């Protein structure tokens, strides 16, 4: 009969004790699995079970003949060595069947007393679900048509002292899944698939950018001035220098220093930290990719974004059409391009071209029940309208261009309309996926922008930037015309894996302590 991981008659403390007693018995008999340092595995489950052929067979089941489709491994008859975690057990008279799981999948082990011998078979019968074993034997197909390994020898490589979740319900408690990702990966195949895809997504991004001549670099995480984004930083103290430092909120200002230094195409993929709330799309530490390219502008960044997204989707998913929460988004078509002014007019009916002053903008906000701060200017309120009326409609890939200068302190002004800047945000599924600029390289203008940011900080805006004097010195050395962009890697992974929350694509998301 099948083993149950936790039966009603035996409570958890008894199960834990039974497993420890089994370990002690093994150790007393000189068979401590934790003393084993190496196991030479020759094949994975995928090696054995992939590319099988099918064969129609007639088998006898409880006296009745039955037609089945049997799978035949290309390694049929070969002797292999496999290893993995026991996920199920049945039989255990003179014949036992266990399924072991490795990184690639599962394979069945057929363990027969006559082959293994009495002592080894009796030891094998005491193995628990969750134990890690290695086995050597011959690949064959069972009477029920399943590719298996007929075991000649089996070795316990690690004893599991905690029971896995009960197999019929799996691991469904979301909070527990995030806290115990190690168990989640064992029990839920789709979770493992998500994180394998995440790794492939990041590898594909690197492959594309390296192929375009970009240089991957690393910049500091501990900084004295956390600039480059509108966010509240985490703060810490460095004892050796007796100085306060911050964890970076962006990669921007150091990467631009490298553009000044003559590294004309650079990118970095790394963790950034923002001292803000937790929700389905936000985690205080997350993965950001920023790149900067000399001698291009935000139009060049739009072209790069389209090509990069198509490349990654094709390489990882095999298609440019992705489905998220039942909605299909087509990366193969040209991405829509619309200005923020036109988008707000389209979805709210308010034309900010007709609004000339901050007072008029505030009056429009009151009329449309949009909350604002007294220090907000016309551009800030345009952005509030955008967030309220537009974002949810931007499901298909869309570039929203030409933001107000008030919310873009590091961006070049549009020469024909200096109230706005050469910036875009890339949207899919109503989410901001990327943010890009024609980078501001005028040090005099940049100092004025920093000054305006510091005034906002003094008026209570905790997310405003402060002047970075070393960055200002770099700009004064001279930075060429440059296009730059930041991609939210986690949101990209959410879309390409159809994951509902950012925690589903972070192996170890930030969690509230259990005692709270």
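Read the figures in this text as sums done on the coordinates, not as results from a lab. As the structure is a prediction and not an experimental result, all values here were calculated from the model. Don't worry about glycine lacking a Cβ; one is built from the backbone with ideal geometry, like all the others, and counts go over all protein chains shown.
Before anything else, pin down the relative contact order of the chain: Cα pairs under 8 Å, at least 6 apart, normalised by residue count, whole percent. Write out the running numbers ahead of the final one.
Numbers: 955 pairs, mean separation 60.9, N = 516.
Taking the mean separation of contacting Cα pairs over the length of the chain, I get 12 percent.
Quick one: Cα centre-to-centre distance for the range 331-385 and the range 483-511, in angstrom?
Centre-to-centre distance over Cα atoms comes out at 28 Å.
Can you classify the range 39-105 as rounded, prolate or oblate using the Cα gyration tensor, where a ≥ b ≥ c are the square roots of its eigenvalues, rounded means a/c under 1.5, and otherwise it's prolate if a/b beats b/c and oblate if not? The partial results should precede the final answer.
Working: a/c = 2.41, a/b = 1.36, b/c = 1.78.
Oblate, since a/c reaches 1.5 and b/c is not below a/b.
With each label point set 7 Å from Cα along the Cα-Cβ vector, what nm distance links residue 328 and residue 122?
Using points 7 Å along Cα→Cβ, the separation is 6.3 nm.
I'm spelling it out carefully: the read-out is mean projected area of the Cα convex hull in nm², the candidates are (1) 23.6; (2) 32.7; (3) 31.1, and one was derived from this structure. Which label?
The calculated read-out lines up with (2).
Counting only the backbone N, which residues of the range 104-139 are under 11 Å from the spot 7 Å out from the Cα of residue 39 toward its beta-carbon?
Backbone N within reach: 131-136.
PRE reach from residue 346 (point 7 Å along Cα→Cβ): which of the range 405-442 fall under 14 Å by backbone N?
425-430, by backbone N distance to the label point.
When a/c reaches 1.5 or more, the comparison of a/b and b/c decides; with that in mind, is the range 437-508 rounded, prolate or oblate per its Cα gyration tensor?
Here the range 437-508 falls in the oblate category.
Just grab the label-to-label distance for residue 31 and residue 176, each label 7 Å out from Cα along the Cβ direction, in nm (one decimal).
Result: 3.1 nm between the two label points.
Once label points are set 7 Å from the Cα along Cα→Cβ at both residue 218 and residue 95, what is their separation, rounded to one decimal in nm?
5.5 nm
Relative contact order for the range 313-408: what percent, with Cα pairs under 8 Å and sequence separation of 6 or more?
Numbers: 107 pairs, mean separation 32.1, N = 96.
Reported relative contact order: 33 percent.
Taking 60 Å as R0, compute the FRET efficiency from the Cβ-Cβ separation of residue 238 and residue 59 and round it to 0.05. It would help to have the intermediate numbers written out before the result.
On the way: r = 71 Å, r/R0 = 1.18.
Taking R0 as 60 Å, the efficiency between residue 238 and residue 59 is 0.25.
For the chain, what does the helix formula give at 222 nm: sum of -39500 (n - 2.57) over DSSP H segments with n ≥ 4, over the residue count, nearest 500 deg cm²/dmol?
Numbers: 15 runs with 164 residues, N = 516.
The helix-only estimate for the chain comes to -9500 deg cm²/dmol at 222 nm.
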